[in-house]
Each structure stands twice: as C-alpha cells, then as structure tokens.
Amino acid sequence: MTSTGGKIKTSGLSHIAIRVNDLDRSIKFYTELFNIGLTRKGEDMAFLNTPGTPDSFAFFRSDQKISHACDLHHFGFFVSEEDFKKALDYIDKNSINILEGPGAWSDGTKYVYIEDPDGYRVQISTG
C-alpha cells in the first residue's frame, strides 16, 4: 500500500446512494418522516438534503428486486429527544415495520430500527 504522507482530510460525507423501486414512494417516505427535502429529481434519480447542511441522500430507481443480503447493513439519522418521540408516533400511526427497539443503549442514547418501503434498515437515534 502506498502512502500520501498523511491522512486525507475530508469535509464530511458527500452522500449515501441507494437503489429504490419507486422514486416517488421513497421521496414521500423520507420527506414526511424527516426534515429533509427534495433538491433534485430526474427520471431515474432523486437527491434529498437536510436543510442547512451538506447531508445528501440519493435514490436511484431500479426495476430489479432490491436485495440487502450482501449490501448495506443500515444507515441512521440523529434526532432530538423531542423528535424521537414524534418519530415513534409517526411510525405507529403509519404502520411502519419496526425491526428492533425502541430501546436505549448503556449511554442513554435512544434508538429504533425501522424498515423503509424497499426493505432498508433505517436507524433513528438520539445522539
């Protein structure tokens, strides 16, 4: 392995991109649950961002069945204590499948893992 003489400094994570079967369904799911908005949409892709941050979440439409066995374990969103309660209420009212939790880790951080419309495991935690 070669070295550049030091670690490369990043200014953050550029984006997370996932395959989805229905762009509109995924956009609706994430923008109604979280404070993120649609910033760009094409025929086969869409980008969402958290207002005031460089956080970017991308969807790429796929006609194939989405398989997660060898792919992504999960991705997560930090929320406030107040918004965690709102998220649990939204999850309950919209019959979103809970995969794990709600619970709390030993440091008191609350969490819940839910399933999105394409079967992705999404973590919501206070952080």
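The values are calculated or read from the model by the stated rules, or taken from the named source; none is laboratory data. Because the structure is a prediction, the values reported are computed rather than measured. Heads up, the Cβs are rebuilt from the backbone with ideal geometry, glycines too, and the neighbour counts pull from every protein chain shown. The accessibility values were calculated without ligands, DNA or RNA, using every heavy atom of the protein model including side chains. Shrake-Rupley method; radii C 1.70, N 1.55, O 1.52, S 1.80 Å.
Considering only protein heavy atoms, with the full assembly of protein chains and a 1.4 angstrom probe, order Val20, Val79 by accessible area, largest first.
If we order Val20, Val79 from most to least accessible, we get Val79, Val20.
In square nanometres, what is the average projected area of the Cα convex hull of the range 64-127?
Result: a mean projected hull area of 4.8 nm².
Quick one: if the Förster radius is 35 Å, what FRET efficiency do Asp89 and Lys9 give, using the C-beta to C-beta distance and rounding to 0.05?
It comes to 0.30.
Sorted from largest down, give the three principal axis spans of the alpha carbons of the chain, whole angstrom values.
50, 41, 33
Could you pull out the longest piece of the chain with no exposed loop trypsin sites (Lys or Arg not before Pro) in it, calling a site exposed if DSSP puts it outside H, G, I, E, B and it has at most 12 other Cβ atoms within 10 Å?
66-127
Straight-line reach from Lys86: which lysines have Cα under 22 Å away, leaving out those fewer than 8 places along the same chain?
Lys28, Lys110
What size of dipole, in debye to the nearest 20, comes out for the chain about its Cα centre when the only charges are +1 on Lys and Arg C-beta atoms and -1 on Asp and Glu C-beta atoms?
Around 360 debye, computed over the chain.
Across 5 Å bins from 0, what is the distribution of all Cα-Cα pair distances for the range 35-87, in whole percents?
Calculated P(r), rounded to whole percents: 4, 14, 18, 20, 21, 15, 7, 1.
With labels modelled as points extended 7 Å from the Cα through the Cβ direction, what inter-label distance (nm, one decimal) is found for Lys41 paired with Ala58?
Result for the modelled spin labels: 1.8 nm.
Each residue of the range 53-59 in turn: what ³J(HN,Hα) in whole Hz from Karplus with 6.51, -1.76, 1.60 and θ = phi - 60°, glycine and Pro shown as x?
10, x, 4, 9, 10, 10, 10
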